[in-house]
Amino acid sequence: MSLFKARDWWSASLGENEEFDQGCLSVADVDNSESGQDKIIVGSYNGYLRIFSPHPLKTGDAIQAEDLLLEVQLRDPILQVEVGKFVSGTELLHLAVLHPRKLCVYSVSGTLGNVEHGNQYQIKLMYEHNLQRTACNMTHGSFGGVKGRDLICIQSMDGMLMFFEQESYTFGRYLPGFLLPGPLRYSPRTDSFITVSSCQQVECYKYQVLAVATDAESKKETEQQKIGSGKKLLADWTLNIGEQALDISIVSFNNTVFSIFVLGERNFFCLKENGQIRFMKKLEYHPSCFLPFCSVSEGTINSLVGNHNNMLLVYQDVTLKWAAQVPHVPVAVKVANFQDMKGIIVTLSDSGQLQCSYLGTDPSLFQAPKVESRDINYEELDVEMKELQKIIKEASKTQDILPKAEKEDDLILSATVSSTLDAVSQAVDIALESEAVPSVTVKFCIRTKRQVQKTVLSITVPSFLATTQDQFIFNSIDQGIPKTASISVFLKGKCLPADLEGSAVASYSTPTGVPRIAQCKFRLPLRLICSPVQPSKAANHKLTIDTNKPPVNLINMFSDFIERTEDDQISVLGFQFLAGHKVTLLASKTSQRYRIQSEQFEDLWLITKELILRFEEYFLKQGIKDFTCSFSGQVPLQEYFELIDQHFELRMNTEKYENLLSERAVQFRAIQRLLLTRFKDKTPAPLQNLDTLLDGTYRQVIGIAEAAEELQNSLFQAFTKLKSATQLIILLIGLWQKLSKDQITILEATFLPLLQDGQELGWEETVDAALSHLLRTCLSKSSKEQALNLTSQLSIPKDTTRLKKHITLLCDRLAKGGRLSLSADSGSQQAIVMPGLPSSPPPVAVGNA
């Protein structure tokens, strides 16, 4: 190796196929640590922000996990990162991140963990500024001589300097004669800004001149200012350097003369504060970056210059003092202090090679030892190879991402639902008009086999159900001493829940500090949401469920709804939902059929599910294991499509209201700006009814916002009803085609992909994409359909015609023998007839779809 190669102290590769430039690297104590040790902040054009705290590595070692303090992906590309006092009221350092259309200021903080590598770092957004023009670069400093805080100046691609006084926007000025943006730096000594224009000349603008110059909203107005009245923006001094500049640096060390360094394409210049040249150096290579730093010799300045020949060169004024080779072309270079190591050189390449190195001449004295020749025992090698292949085969069998749980967990969580409703209802803040809303008690018990610390129990119930308390915290749980907690669950909303199953999760930490969880589910009683009433004979929607066992007396399965009487047989039962309609259950006295009927289609779901669950429990107690249910009627797709259309119409109306609210908000802010301009004017002008227009717009904004909020609640209720109807359709398709549990799981994943519905990603487009995938793979009719590619992005469709067509096709192909599968070789299954299917499929009620 060369004696003049930069010695590698620490290095890392950042991402794949990411791009970086000179503004993407910064070095500072961004988390305000007690040690004052520098951190490396790197941002990429792909939007990744990373913060490193390097530690020395041995030769051949890889980067340690704890060296990366933070990695977060922001939505927009990162043009530049800077560290300074950007937040009012404090002199702590904060991180400023410049995006093409946004400036964000974050605070970086760390939290100590329980184990060595458990320290957690996070960023918190303090404030942000949305930019009206595309940004190019920025600089910061104490503009105007302010103390204890830094101001930010951003240069846009069209030549406007935008000034921000921390959380507020101050003013903006256009640079005269602008064509292309150049490097920009602030000089604290002269309180001015240094840049290089497209005329290849260095220009200096005083901050005070920029502040008092006439404001302009466009370049056209700036040109008109040259003719009209007002103070015109003029440069304090200019210097023609005859080439385009790559970077500018301001040097104001204690033992050196104040200087302005400009790195050109073939030269680098050192200027005085008035723009005169102190010295210049002609370069015989193409430079890529540079950094002036303090010299040990008084009156001189050292400069570190990187070039495209993978070299770092150290100049003392114009004299070359050192040259060292680096493994990449540096586009940014900094000097930092890490762990009592001062003067570490930090370089970054355009492809993300980050390296910390130092300059030295210690050669590598390692010599490879001689290889001792020895005879190879092929029999032992065969035995070892077979053992290794066996280990690899066992390891490749399991593809689980999560680690396997131990046979016996440290903590066991169980839930017990009371068999009776609460004597005194615990329901509070209910939105129902019903006088009596019942509640039921659920008791949780936590048992541990060893002491655990800080256990948090969280309880979740379906939408439109509420609990008296949803979280419990136990500081310590001793071994063998169970902890209990009780809650009451009740119906709170004006809509039926889509399910009656709740869940509980207990998170805790073992004595060694490892976080673990335990979870359980519990089933709430049907009496919580409905009460027995007189059955009704008339209904709009009816379903018939067939069984393979003789008729069962309903009193044996719904004893909580029917009082014991002397009647031999009860074959009809009525249910009145607290937040819904009446549902009637009829059992045939002669056949093995059961009918569920109601005025609302979605209300059939909970009773149908409860009927099947109670059937299974009843026959299991009787010792009968071959009980099955089936459905031979028409799949009620027409009723299902009506609920889809209702939900989709509410989504479209919600989008219209949001767009209208956005327009009125823009109008409201525009009127505010006009009024503010009138009030600031020294010569008062008539308001011209702007106050009346402002008041009217405000009332419109409030009215539209209230309507949008009410529509959002209606949309949430519609999604819950759609979810209930969807689960009913899945159940009927499964009973109709006698689908296995795996196939029903695929149907549930296809029709219920979202826990919550939203405007950005809604139910219709997500389900349509999943159905298209099934119809293209396992349910495809030919290889031509399998060749179709689904590359379009998910977006709100114009209507639901395509979705309803795909649902109809799914039922049709399942009826013709299709098989749901996620394997790669499951296409073209139409010709395969599944055992147990009828020769001619039952009709599917699809209406006009």
**Prompt:** Given +1 on the Cβ of Lys and Arg, -1 on the Cβ of Asp and Glu, and no further charges, what dipole in debye does region 620-706 carry about its Cα centre, rounded to the nearest 20?
**Reply:** 580 debye
**Item:** Residue-by-residue Karplus 3J(HN,Hα) for region 464-473, coefficients 6.51, -1.76, 1.60, Hz, glycine and proline x
**Value:** 6, 10, 9, 10, 6, 7, 10, 8, 10, 10
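With n ≥ 4 as the cut-off for DSSP H runs, can you work out [θ] at 222 nm for the chain, using -39500 (n - 2.57) per run divided by the number of residues, rounded to the nearest 500?
When only DSSP H runs of four or more count, the value is -7500 deg cm²/dmol.
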**Asked** For region 497-568 and region 607-671, what is the separation of their Cα centres, given in Å?
**Response** 19 Å
**Message:** Distance cut-off 31 Å, Cα to Cα: go down the list Lys206/Lys342; Lys102/Lys232; Lys5/Lys282; Lys124/Lys334; Lys549/Lys805 and report the pairs above it.
**Reply:** Lys206/Lys342; Lys549/Lys805
**Prompt:** Just by accessible area at a 1.4 angstrom probe, what is the order of Leu179, Leu69, Leu528, Leu125 from largest to smallest?
**Reply:** Leu179, Leu125, Leu69, Leu528
**Request:** Determine the dipole magnitude for the chain: charges of +1 sit on the beta-carbon of Lys and Arg, -1 on that of Asp and Glu, nothing else is charged, the reference point is the Cα centre, and the result goes in debye to the nearest 20.
**Result:** 840 debye
**Message:** How much length would be gained if the chain were fully extended between Ile391 and Gln471, taking 0.36 nm per residue of separation minus their Cα-Cα distance, in nm to one decimal?
**Reply:** 24.4 nm
**Message:** What are the ³J(HN,Hα) couplings of region 676-691, residue after residue, when phi is run through the Karplus curve with 6.51, -1.76, 1.60 and θ = phi - 60°? Round to Hz, x for glycine and proline.
**Reply:** 5, 5, 5, 6, 7, 5, 5, 9, x, 10, x, 6, 6, 6, 5, 5
**Asked** When the Cα centres of region 240-256 and region 12-56 are compared, how far apart do they sit, in Å?
**Response** 24 Å
**Item:** Length gained when the stretch Asn119-Glu384 is fully extended (0.36 nm per residue, less Cα-Cα span)
**Value:** 91.3 nm
**Message:** Can you compute the charge dipole magnitude of region 511-609 about its Cα centre, using +1 on each Lys and Arg Cβ and -1 on each Asp and Glu Cβ, nothing else charged? Give it in debye, rounded to the nearest 20.
**Reply:** 380 debye
**Prompt:** Mean separation of Cα pairs under 8 Å and 6+ residues apart, divided by the residue count of the chain: what relative contact order is that in percent?
**Reply:** 6 percent
**Asked** Taking H as built 1.01 Å from N, whose amide H comes closer than 5 Å to the amide H of Tyr169, not counting residues under 5 places away?
**Response** none
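So with the 1.4 Å probe, I'd like the accessible area per residue for the chain, rounded to whole Å².
Per-residue value: 55 Å².
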**Fill in**
HN-Hα couplings for region 301-315 via Karplus (6.51, -1.76, 1.60; θ = phi - 60°), in whole Hz with x for Gly/Pro, come out as 10, 8, 10, 9, 10, x, 10, 7, 9, 6, 10, 10, 10, 10, 10
**Item:** Whole-number percent relative contact order across region 488-529, with pairs defined as alpha carbons under 8 Å at least 6 apart
**Value:** 43 percent
**Request:** For Leu676 paired with Glu709, estimate the spin-label separation in nm (one decimal), with each label point 7 Å from Cα along the Cα-to-Cβ line.
**Result:** 2.5 nm
**Asked** Could the peptides 546-558, 623-635 be put in order, highest first, of the mean number of other beta-carbon atoms found within 10 Å of their residues?
**Response** 546-558, 623-635
**Request:** Quick one: compute the contact order of region 18-149, relative version, from alpha carbon pairs under 8 angstrom and 6+ residues apart, as a percent.
**Result:** 20 percent
**Item:** Fraction of accessible area attributable to carbon and sulfur, the chain (%, probe 1.4 Å)
**Value:** 50 percent
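The values are calculated or read from the model by the stated rules, or taken from the named source; none is laboratory data. For clarity, every value in this text was computed on a predicted model and none was experimentally measured. We place every Cβ from the backbone using ideal geometry, glycine too, and count neighbours over all the protein chains shown. Each accessible area value is taken on the protein alone, full model and side chains, heavy atoms only, with ligands, DNA and RNA left out. Shrake-Rupley method; radii C 1.70, N 1.55, O 1.52, S 1.80 Å.
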